[in-house]
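Heads up, the thing below is written out as structure tokens.
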Amino acid sequence: MGTSEAGRMSADPVVIAGAGPGGLLLAGELSLAGVPCLVLERRAERSVESRALGLQARTMELLALRGVAERFTSLSNPLDHFRVTVGSTRIQLDQLDSRFRELAILPQSTTERLLEDRARELGAVVERSVEVVEVRDKDDAVFVVAKTPEGQREIRASWVVGADGGHSAVRKSLNLPFTGKTYDYDVVVGDVRLEHEPTDGMLVEVGKGGIVVAIDFGNGWWRMGAVTRGPAATTTERPTLPELRTALTGVFGYDVGPHDPLWITRFRFQRRHMSSYRRGRVLFLGDAAHVHAPLGAQGVNMSLQDAMNLGWKLASVAKGEAPPALLDSYEQERRPIAGRVLRVTDIGIRVLMSRNPAIRILRRLVMPNVIGSRRGNRLAANLVSGLAWRYSAASFGPRRGGELAGRRVPDATIEDAEGHTSNLFDFFSSGNFVLVDQDQPSGVSRVIEPWPELVLVRGRVTPAAGLGRHRFILCRPDGYVAWAGTHADLGELRVRLEEWLGSPVR
């Protein structure tokens, strides 16, 4: 959509730099809430390369909250485990306490198309061949200078979100640090066919020459990424198929026969993190805020989960319902999780790539015993899938919303007084808060009456969900428990609602 359409926006839009998965999901969330949204993308066309390609269980749950998960699962190749050849350990995803007990393999190009379609359906404007070159944050607005095929243009925005990747132009324009390091390993990645396919759909092969990550697309093509020991290549030229073959053979010890490449590229792993995800009216998400080695297929999932956390908060602030201080909880909740992922992937890449004999013995003996145990395997599966993460209670107010605050909401079964059942996730499609009332008739309707946009669900939650003993459970739009309590706590519920949804009109 062109400049003229963006110009017809009645209010200063939220401008999102970058039409990657995170930026597009955020655009959909803002548009769902009725906030004018403009996405600026420097690429002229949507990428056709696969790039990031694994959607974890928690990410799929977030998509299910909005009723669009099936758009993605219908096109994906589901993998219920992945294998690490150190001790030949399989991490079983089919044990997850979720409807999505797998890693959904889907090319990033397809993920972007589906997210962009949704964002446009909801009213977001996406402009291509528009490159952000400068951002100026003022007291009441942000001014974005962009380069277009027609020349330079300035856009006044209410808020700006940098979702433009590891080389973020928004971050660089504000001279914000992105501290970390670049690993001295050569990484060659390609999407190819194989003469000798691995028996596991996702495989982390550790060999003398380094590491290979192999992922099955399910249609005859494989993602093959080789991380080789020794100094990284100094050339920036695109690698050749023989070079990829040599790297793969050096790890496997035999030729897997890669052929018919769709694309091959070269890069180096990085570990970098912003010290703050917000500067005034400018916020950052995804690779613009944090980058790490792609072990465990976390990158695109981190970006999408950032966007889901930020979406409802930024919408509420942009509409004047909540104070800007609500946005502080975005960094309070997401930055610690990103920090843990960065630390774990850093340890993983260093341990798996180490030549130190002691560490090699350690990984050969300890990893299989830890991950191979039932408890260790379940913990690893929950961490990789994102189901284990919960948000710190520090961002939930002085009383911290009860013991459940910050916990992921499961897709529990709700049974009403007449015995009819429904799935809890079905009530989140509008992007609003959901209050589960298990003590009907309770009188809670009088407490929440000033906020008609809040969705009230009356019924009992199945015991398996682990929520049953709490009479009232307030769930945030991003599928996390905001507050849980009893009749005695209804006064606090009202206070919390005023913080998140704004004071009711008198």
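The values are calculated or read from the model by the stated rules, or taken from the named source; none is laboratory data. Predicted model only: the values in this text are computed from it and were never measured. Cβ sites come from the backbone with ideal geometry, for glycine too, and all protein chains shown count toward neighbours. For the accessible areas, the whole protein counts, side chains as well, though only heavy atoms, and no ligand, DNA or RNA atoms are used. Shrake-Rupley method; radii C 1.70, N 1.55, O 1.52, S 1.80 Å.
Observations, loosely collected:
- Percent of beta bridges antiparallel (DSSP, the chain, rounded to nearest 5): 75
- Taking 0.36 nm per residue of separation and subtracting the current Cα-Cα distance, fully stretching the chain between GLU195 and SER442 would add 82.4 nm.
- According to the calculation over all Cα-Cα pairs in the stretch 112-262, the P(r) per 5 Å bin from zero is 2, 7, 13, 13, 11, 11, 11, 12, 11, 6, 3, 1, 0 %.
- Fraction in percent of alpha-carbon pairs per bin - 5 Å, the stretch 283-340: 4, 19, 30, 21, 13, 8, 4, 2, 0
- Solvent-accessible area assigned to carbon and sulfur over the chain amounts to 50 percent, based on a 1.4 Å probe.
- Taking every alpha-carbon pair in the stretch 79-166 and binning the separations at 5 Å intervals from zero gives 3, 10, 12, 14, 14, 12, 8, 7, 9, 8, 4, 1 percent.
- Among the listed pairs LYS138/LYS181; LYS181/LYS313; LYS172/LYS319, those with a Cα-Cα distance over 30 Å are LYS138/LYS181; LYS181/LYS313.
- Using the Cα coordinates of the stretch 217-327, the gyration tensor eigenvalues translate into equivalent-ellipsoid semi-axes of 41, 16, 11 Å, sorted from longest to shortest.
- Given a 1.4 Å probe and the protein chains as shown, ASP260 ends up with an accessible area of around 90 Å².
- The chain, relative contact order in percent, only Cα pairs under 8 angstrom and at least six apart counted: 16
- Along its principal axes, the stretch 1-145 has C-alpha extents of 56, 29, 28 angstrom, given from the largest down.
- Here the stretch 309-354 and the stretch 76-105 have alpha carbon centers that stand 25 Å from each other.
- Solution diffusion estimate, µm²/s, Stokes-Einstein, the chain, Kirkwood Rh from C-alpha pairs, 20 °C, viscosity 1.002 mPa s: 89
- Using a simple spin-label model with pseudo-atoms 7 Å out from Cα toward Cβ, VAL48 and GLU70 lie 3.1 nm apart.
- Computed with every protein chain present, the accessible area of HIS487 is close to 90 Å² [probe 1.4 Å].
- Neighbour-limited loop hits for GluC sites (Glu not before Pro), the stretch 399-506 (at most 12 other Cβ within 10 Å; DSSP other than H, G, I, E, B): GLU403, GLU418, GLU453
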